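Below is one structure, written out as structure tokens, with a few remarks after it.
The values are calculated or read from the model by the stated rules, or taken from the named source; none is laboratory data. The structure displayed is predicted, hence computed values, not measured ones. We place every Cβ from the backbone using ideal geometry, glycine too, and count neighbours over all the protein chains shown. Protein only, heavy atoms only, side chains kept; ligands, DNA and RNA dropped before computing areas. Shrake-Rupley method; radii C 1.70, N 1.55, O 1.52, S 1.80 Å.
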Amino acid sequence: MAFLQRQVLKRIIEGAKRAHKLIYRSSFSTVSSASSSVADAPPQLPPFGYEPRPYAGPSADEVLEKRKKFLGPSLFYYYKKPLNIVEGKMQYLFDESGRRYLDAFAGIVTVSCGHCHPEILDAITEQSKLLQHATTIYLHHAIGDFAEALATKMPGNLEVVYFVNSGTEANELAMLMARLYSRNLGMIALRNAYHGGSSSTIGLTALNTWKYSIPQGEIHHVVNPDPYRGTFGSDATRYAKDLQDHIDFGTSGKVAGFIAETIQGVGGAVELAPGYLKRVYDIVRKAGGVCIADEVQTGFGRTGSHYWGFQTQGVIPDIVTMAKGIGNGLPLGAVVTTPEIANVMSQKIQFNTFGGNPVCSAGGHAVLRVLDKEKRQAHSAAVGSHLLERLRALQERHDIIGDVRGRGLMVGVELVTDRKEKTAAKAEAAVLFEKLRELGVLVGKGGLHGNVFRIKPPMCFTKDDADFLVDALDYAMTKL
């Protein structure tokens, strides 16, 4: 009899557990219709009224074979079977078969307004019909008009613009300015940072996967103020003291400058501890250095709350670098600084053959107009808040999600095998990465171990897109 009673009691408990799970899933779905529990059928892309052109070009295998033969072996590609992307429209990409994908990585945080945005294409096309290239040895209105429009977006006395072709070039020029202006050599950057891959900026970068064994040149990396993995959590004061200690014990007491991303991109969407930049900028300026904000990924309203990432920390830099989103895919970058700092460049000839060429200037100026006209900063704030809310709800359901972080449409999801130890889920991330592609979602990877999903789509990304992305992630994780 006792045995039967135990068996009955066991079945009652098991039934209660199953009922609890069903009730939980039901209650979760009532919070938002988009947050329904994972069904057997995979989620479907939101409707999109656009048909790609029929593709008659070379196949993915043919493209890959030619790439391997004629391009450098250091180039890498995503996915076991790389995608042959042949067309793009706003927040979507299309492969050779015409299949549509949600682009949640925006060409590595580069497509700000949307793929092939008609107003930007019109500006580029019309300028190309008149004049493609002349350089700044002659006058042309496009570069001045663009510089003026960009300067109006800057706070303080940041009003002198230098145009270049990439973020790496921008950071290299900014470092040169800092050293000339301060008359010092030592630069300070953060661990886990990425500032470029040239022989100079590779020294500023602090991820071993991106660094070659070459002289780094008077550059030191201080402790990263990472609230999730950092030594001091979110304590900005202690991180700032580490930088002060470096100046006191590792330099002559004088430095050339300090550079940081407000939200580290390649490093895995790591937002710096609140208040860190304000403390550090004061320390660096007292040591004779200038403060550089790397806005290559965070600029132009992507964070939602502010137009520039550095504004989230309540500071005004001495030099700001930018690229990627400034051109919506054009090879375009810029450095903006004060007249006083810019004046040091007049000691010698400073020239960039393609920087600010008429076509890129016309396109870049159109990007600024579109971002304002379509209110993309406010849109990024609204959609980003919805996305983060849904991802944090997903974190409650899946232990593999160690951290959800970011602002606006610059978001990171860090995967771990153990939440307490924060062990990077490298293998699991790789499997999920492939599964998301199969479901029609393209995200990026970041962090030293590649265990952070980088969600940084074009800023025309919608709430329906966000729901589909989270549902796809939920589906993939449930099947893991």
Going through Thr251, Thr237 one at a time, which residue ends up being of a type in the set (Ser, Thr, Tyr), at pLDDT 95 or above and closer than 21 Å to Leu185 by Cα?
Thr251
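Could you list, in sequence order, the residues of the stretch 378-413 that are among the polar types (S, T, N, Q), within 22 Å of Cys113 (Cβ to Cβ) and surrounded by fewer than 20 Cβ atoms within 10 Å (Cβ to Cβ)?
If we filter the stretch 378-413 for residues that are among the polar types (S, T, N, Q), which is where we start, we get 380, 385, 395.
Filter again for within 22 Å of Cys113 (Cβ to Cβ), leaving 380, 385.
Ser385 - this is the single residue of the stretch 378-413 that is among the polar types (S, T, N, Q), within 22 Å of Cys113 (Cβ to Cβ) and surrounded by fewer than 20 Cβ atoms within 10 Å (Cβ to Cβ).
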Being open to solvent by less than 100 Å² (accessible area, probe 1.4 Å), under 30 Å from Ala476 (Cα atoms), part of a loop (DSSP other than H, G, I, E, B) and at pLDDT below 50 narrows Ser26, Ser37 down to just Ser37
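Do you know which residues across the stretch 436-451 are assigned to a strand (DSSP E or B) and out of contact with any helix residue (DSSP H, G or I) (no Cβ under 8 Å at 6 or more places or on another chain)? Outline the logic, then answer.
So in the stretch 436-451, the residues assigned to a strand (DSSP E or B) come out as 441-442, 444-446.
Within the stretch 436-451, just Gly446 meets the criteria.
Filter the stretch 414-435 down to the residues that are touching a helix residue (DSSP H, G or I) at 6+ places or on another chain (Cβ under 6 Å) and closer than 15 Å to Leu391 by Cβ, then identify the one that is surrounded by the fewest Cβ atoms within 10 Å (Cβ to Cβ).
Within the stretch 414-435, the first condition is being touching a helix residue (DSSP H, G or I) at 6+ places or on another chain (Cβ under 6 Å), and the residues that meet it are 415, 432, 435.
Keeping just the survivors that are closer than 15 Å to Leu391 by Cβ gives 415, 432.
Values: Leu415: 26, Leu432: 23.
Going through the qualifying residues, I end up with Leu432.
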Tell me, which residue of the stretch 224-250 that is surrounded by fewer than 19 Cβ atoms within 10 Å (Cβ to Cβ) and either in contact with a helix residue (DSSP H, G or I) (Cβ under 7 Å, 6 or more places away or on another chain) or among the acidic types (Asp, Glu) (or both) is farthest from Arg405 (Cα to Cα)?
Asp248
Considering only residues of the stretch 260-296 that are within 27 Å of Arg454 (Cα to Cα) and of a type in the set (D, E, K, R), which is most open to solvent (accessible area, probe 1.4 Å)?
Lys278
Qualifying residue in the stretch 292-306 (condition: of a type in the set (Asp, Glu) and within 30 Å of Asn357 (Cβ to Cβ)):
yes
Scanning the stretch 297-341 for residues that are touching a strand residue (DSSP E or B) at 6+ places or on another chain (Cβ under 8 Å), assigned to a helix (DSSP H, G or I), under 13 Å from Val161 (Cα atoms) and open to solvent by 10 Å² or more (accessible area, probe 1.4 Å) gives Pro339
Of the conditions (1) in contact with a Lys or Arg (Cβ under 9 Å, 6 or more places away or on another chain); (2) in contact (Cβ under 8 Å) with a residue 40 or more places away in the chain; (3) not in a helix (DSSP H, G or I), Leu368 satisfies every one except a single condition; which number is it?
(3)
Failed item in (1) touching an Asp or Glu at 6+ places or on another chain (Cβ under 6 Å); (2) in a helix (DSSP H, G or I), with Leu432 passing the rest:
(1)
Might you let me know whether the stretch 460-480 holds any residue that is open to solvent by 50 Å² or more (accessible area, probe 1.4 Å), at pLDDT below 95, under 28 Å from Tyr77 (Cβ atoms) and assigned to a loop (DSSP other than H, G, I, E, B)?
yes
Odd one out for Ile143 among (1) out of contact with any strand residue (DSSP E or B) (no Cβ under 8 Å at 6 or more places or on another chain); (2) closer than 23 Å to Gly167 by Cβ:
(1)
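Give me the residue from the stretch 371-393 that is acidic (Asp, Glu) and part of a helix (DSSP H, G or I) and, out of that set, farthest from Ser182 (Cα to Cα).
Within the stretch 371-393, the match that is farthest from Ser182 (Cα to Cα) is Glu389.
Of all strands (runs of 3 or more DSSP E) completely enclosed by the stretch 157-265, which ones contain at least 1 residues that are closer than 30 Å to Asn328 by Cβ? Before you say what the answer is, go through the steps one by one.
Values: elements: 160-164, 187-190, 219-222, 257-261.
Per the criteria, 160-164, 187-190, 257-261.
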With the first residue restricted to the stretch 107-128 and required to be farther than 15 Å from His365 by Cα and in contact (Cβ under 8 Å) with a residue 60 or more places away in the chain, and the second required to be among the small types (Gly, Ala, Ser) and surrounded by 13 or more Cβ atoms within 10 Å (Cβ to Cβ), Cβ contacts under 7 Å at 6 or more apart or on different chains are Gly107/Gly329; Ile108/Gly444; Val109/Gly265; Val109/Gly325; Thr110/Gly325; Thr110/Gly329; His115/Gly88
